[in-house]
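Data first, discussion second: the structure below is written as structure tokens.
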Amino acid sequence: MRNMIHDLMERLAPLSLAVLLVVLSIGCSQVRDDSIDGDADGVIEIVETTNVVITDHQVAVGNIWERELPDTDGNVAMRMSASLSIMCNETGEEWNEFVIEGDLIDLNENTYEVRSIDPGDNSRGLLTLVEVER
């Protein structure tokens with residue numbers, strides 16, 4: 001009986017490996033597809049701990065949580081915030097932005113508003129940018 005199981009496992013091993021590779025490739029492609037969702041209206045959604053390319057800049061999102069922060073008038077309240085790590089692909093320049101909803105980010109000639117910051121429910125958060133005219 002033990003030899004029969006061993007023989008069966010040996011015969012199925014190549015098929016199991018093929019199935020595993022297909023599942024992994026589908027899973028990996030879905031992670032990348034899930035990290036950005038742009039539409040014709042200039043809306044870009046970035047999943048926390050991923051990065052996307054926006055106007056030749058790598059933009060990564062992390063550290064999404066609620067903090068006591070002032071608004072533009074200095075009123076302190078609990079607000080959702082996120083850290084952005086940005087790198088210009090052309091020059092290699094890197095910088096960090098700490099953002100709350102309503103902040104503006106300039107990338108080349110394009111300006112994006114932080115439309116929303118969602119912490120997620122027991123999962124990664126989501127930052128939504130919208131291209132705006134200046």
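Full extension of the chain segment joining T49 with D71 gains 5.4 nm, where the gain is 0.36 nm per residue of separation less the Cα-Cα distance. Computed from phi, the 3J(HN,Hα) profile of segment 121-133 under the Karplus parametrisation 6.51, -1.76, 1.60 (θ = phi - 60°) reads 9, 6, 8, 5, x, 9, 10, 10, 10, 10, 5, 10, 8 Hz, with x in place of Gly and Pro.
The 3J(HN,Hα) values that the Karplus relation (6.51, -1.76, 1.60; θ = phi - 60°) gives for segment 69-80 are, in residue order, 9, x, 8, 5, 8, x, 6, 8, 7, 6, 9, 6 Hz. Gly and Pro appear as x.
Each peptide in 54-63, 99-108 receives the mean, over its residues, of other Cβ atoms within 10 Å, and ordering these scores from highest gives 54-63, 99-108. Amide H to amide H, with H built 1.01 Å from N, T55 comes under 5 Å of no residue 5 or more places away or on another chain.
Within the accessible area of segment 80-127, the carbon and sulfur atoms contribute 39%, probe 1.4 Å, all protein chains present. Under a 5 Å amide H cut-off, with hydrogens placed 1.01 Å from N, D103 pairs with V114 among residues at least 5 apart or on other chains.
Here the Karplus curve 6.51 cos²θ - 1.76 cosθ + 1.60, taken at θ = phi - 60°, turns the phi angles of segment 86-101 into couplings of 10, 9, 7, 5, 6, 9, x, 5, 10, 7, 10, 10, 9, 10, 10, 4 Hz, with x standing for Gly and Pro. Here's the picture: a label point sits 7 Å out from the Cα of C88 along the beta-carbon direction, and within segment 101-118 the residues with their amide nitrogen under 13 Å of it are 106-110.
The values are calculated or read from the model by the stated rules, or taken from the named source; none is laboratory data. Quick caveat: nothing in here was measured; it's all calculated off a predicted structure. No Cβ is skipped: glycine too gets one built from the backbone with ideal geometry, and neighbour counts run over all protein chains shown. Note: accessible area is taken over every heavy atom of the protein model, side chains too, but ligands, DNA and RNA are not part of it. Shrake-Rupley method; radii C 1.70, N 1.55, O 1.52, S 1.80 Å.
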